[in-house]
Amino acid sequence: PGWLLSPAGRPYLDSILYRNQRRAFGLLERPALPPALAVPTVTYKLFLAGRSGVGKTALVAWLGGIPTPPAHHETLGIEATTLFWLAKPRASGRPVLFQLHLWD
């Protein structure tokens, strides 16, 4: 669980942070890793559905490290957010970059 904070994981973590905050990437952007640290990317599209006011947008903001809006406002239509999450599965022992497309 603490792999990203270890000396081996720190270069990967630095690629998704900007000023010690999780960096927001655009639709066609991705973290820039040096060729020596290249990792496979696994893409998932997650659709969040539910009643109004239950916290779907707040969940996406929390996962992305974005401040949660202080006042409730209804999301009109669908809001798409792209997040990158680094992990090192125990089975393979090699880092993997997860690209999450969150549709809220």
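The values are calculated or read from the model by the stated rules, or taken from the named source; none is laboratory data. Quantities reported herein were computed from a predicted structural model and do not represent experimental measurements. A quick note on method: Cβ atoms are made from the backbone with ideal geometry, for glycine too, and the neighbour counts reach across all protein chains shown. With ligands, DNA and RNA removed, areas are computed over all heavy atoms of the protein, side chains included. Shrake-Rupley method; radii C 1.70, N 1.55, O 1.52, S 1.80 Å.
Within the range 81-94, residues that are under 20 Å from residue 65 (Cβ atoms) sit with their Cβ atoms under 8 Å from residues that are open to solvent by less than 90 Å² (accessible area, probe 1.4 Å) and among the charged types (D, E, K, R), at 6+ positions apart or across chains, in these pairs: 81/104; 82/29; 83/22. The conditions of being without any contact (Cβ under 8 Å) to a residue 60 or more places away in the chain and open to solvent by less than 50 Å² (accessible area, probe 1.4 Å) are met by residue 39. Can you spot a residue in the range 76-83 that is modelled with pLDDT under 80 and not hydroxyl-bearing (Ser, Thr, Tyr)? Scanning the range 76-83 turns up at least one residue that is modelled with pLDDT under 80 and not hydroxyl-bearing (Ser, Thr, Tyr). Does the range 60-69 include one or more residues that are without any contact (Cβ under 8 Å) to a residue 12 or more places away in the chain and small (Gly, Ala, Ser)? Scanning the range 60-69 turns up at least one residue that is without any contact (Cβ under 8 Å) to a residue 12 or more places away in the chain and small (Gly, Ala, Ser). Among the residues of the range 44-85, those identified as open to solvent by less than 50 Å² (accessible area, probe 1.4 Å), within 28 Å of residue 32 (Cα to Cα) and touching a Ser or Thr at 6+ places or on another chain (Cβ under 7 Å) are 57, 58, 60, 61, 64. Within the range 45-60, one or more residues are in contact with a helix residue (DSSP H, G or I) (Cβ under 8 Å, 6 or more places away or on another chain), of a type in the set (A, V, I, L, M, F, W, C), at pLDDT 85 or above and over 27 Å from residue 14 (Cβ atoms). Determine, yes or no, whether residue 57 is among the polar types (S, T, N, Q), out of contact with any Phe, Trp or Tyr (no Cβ under 9 Å at 6 or more places or on another chain) and either on the phi > 0 side of the Ramachandran plot or not in a loop (DSSP other than H, G, I, E, B) (or both). Answer is yes for this residue. From the list 9, 26, the one residue that fits, being open to solvent by less than 80 Å² (accessible area, probe 1.4 Å) and either without any contact (Cβ under 8 Å) to a residue 60 or more places away in the chain or among the hydroxyl-bearing types (Ser, Thr, Tyr) (or both), is 26.
Rundown of residues vs (1) over 24 Å from residue 29 (Cβ atoms); (2) in contact with a strand residue (DSSP E or B) (Cβ under 7 Å, 6 or more places away or on another chain), yes/no style:
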position: 46; (1), (2): no, yes
position: 53; (1), (2): yes, no
position: 64; (1), (2): no, yes
position: 75; (1), (2): no, no
